[in-house]
Amino acid sequence: IDYVEAIQNAPFDRERIRFNIIDEGFVYEDENIKVTAFPTQHLKKNDGRRPSFGYLVEADGKRVVFSGDLSIHLREQDFPKIALEEEVDLVICEMAHFGVDKASPFLDRCKTKELWFNHVGYFSTFEEIEALNGKFKFNIKLAHDGDEIVL
C-alpha cells in the first residue's frame, strides 16, 4: 500500500481495493467462479520470501490457465503444470521472459484447446509467435490490447 501511494502521490482507497496475501491453492470461490493459485518461478529466491503465482480460473464449465510471469529459464517446474497434466480450455501465457525456443518443448505436451501469448518481450518477435500456429494440436494466438476471447 505504501508503494502504491508513493507512485500515485495520493492516498490509497482502502474501501474499494483490498490486498490479500495468498499462497498456493484455493484463492476464491462463489456461485459463479473458482480461482486456484499455483506457484511460478518468476521471482523465486531461495529464502521463499518472493513467491509468484499463476492462476486456474474455472467458470461455466470452462477452465482457463493464466500463467502470470514465468522465469527467464522456463524450466519444468515453472510452466503451468496443470496445462501439461489436465485438459483446459485456454492457456494465457506470458512471453516476456523467454523466447519461442524455450516455450516449444512445453507446447508439445500442453493439453489445451487454445493458447494465447501475451506480455511479449524482446526474446521473441510477433512473427515467430504467429508462426507457431498450426504446429501443435491447438490454436496459438498473440494477444493484443482490446482483444476479447469467447470460449
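The values are calculated or read from the model by the stated rules, or taken from the named source; none is laboratory data. Quick caveat, the model's predicted, so the values are computed rather than measured. Note: ideal-geometry Cβ built from the backbone for every residue, glycine included; neighbour counts use all protein chains shown. Remember, those area values only see protein heavy atoms, side chains included, never the ligands or the DNA or RNA. Shrake-Rupley method; radii C 1.70, N 1.55, O 1.52, S 1.80 Å.
Taking every Cα-Cα distance in region 97-150 and sorting them into 10 Å bins starting at zero, the pair-distance distribution P(r) comes out as 23, 59, 19 percent. Loop-located GluC sites (Glu not before Pro) in region 9-101 (DSSP state not H, G, I, E or B) with no more than 16 neighbouring Cβ atoms inside 10 Å: Glu15, Glu24, Glu31, Glu76, Glu86, Glu87. Put a plus charge on the Cβ of each Lys and Arg, a minus charge on the Cβ of each Asp and Glu, and nothing anywhere else: the dipole of region 82-151 about its Cα centre is then about 260 debye. Provide the percentage of antiparallel DSSP beta bridges, counting only those with both residues in region 49-103; round to the nearest 5. The antiparallel fraction comes to roughly 60 percent. Among Ala59, Ala96, Ala37, the largest mean-square fluctuation in a Gaussian network model of the chain, built with springs joining Cα atoms closer than 10 Å, belongs to Ala59. Our estimate of slack between Arg16 and Lys62, defined as 0.36 nm per intervening residue step minus the Cα-Cα distance, is 13.7 nm.
Highest mobility in the GNM of the chain, judged by mean-square fluctuation with C-alpha springs under 10 Å and restricted to Ile21, Ile92, Ile140, is found for Ile21.
Among Pro39, Pro105, Pro11, the residue with the largest mean-square fluctuation in a Gaussian network model of the chain, with springs joining Cα atoms closer than 10 Å, is Pro11.
The fraction of Cα-Cα pairs per 10 angstrom bin, counted from 0 for region 1-120, comes to 12, 38, 32, 15, 2 percent, rounded to whole percents.
A 1.4 Å probe run over the chain, with the rest of the protein chains in place, finds 66 Å² accessible per residue.
The value given for region 53-92 is a Kirkwood hydrodynamic radius of 10.6 Å, derived from the mean inverse Cα-Cα separation. Dividing the summed helix terms, -39500 (n - 2.57) for each DSSP H run of n ≥ 4, by the number of residues in the chain produces a 222 nm estimate of -4000 deg cm²/dmol to the nearest 500.
For the chain, the fraction of 1.4 Å probe accessible surface lying on carbon and sulfur atoms is 49 percent. Taking chymotrypsin sites (Phe, Trp or Tyr not before Pro) across region 18-74, the ones in a DSSP loop with at most 14 further Cβ atoms lying within 10 angstrom of their Cβ are Phe19.
For the chain, the residue among Pro51, Leu115, Phe126 whose Cα projects farthest onto the positive side of the dipole built from Cβ charges is Pro51.
Taking 0.36 nm per residue of separation and subtracting the current Cα-Cα distance, fully stretching the chain between His73 and Arg50 would add 6.6 nm. Charge tally around Lys141: other residues with Cβ under 11 Å, Lys/Arg +1 each, Asp/Glu -1 each, net -3.
For the chain, what is the percent of antiparallel DSSP beta bridges, rounded to the nearest 5?
55 percent
Applying 1/(1 + (r/R0)^6) with R0 = 30 Å to the Cβ-Cβ distance of Asp30 and Lys111, what FRET efficiency is obtained, to the nearest 0.05? Efficiency, from the Cβ-Cβ distance: 0.65. Taking a Cβ cut-off of under 13 Å around Ala59, the surrounding Lys, Arg, Asp and Glu residues balance to a net charge of -3, with basic ones at +1 and acidic ones at -1.
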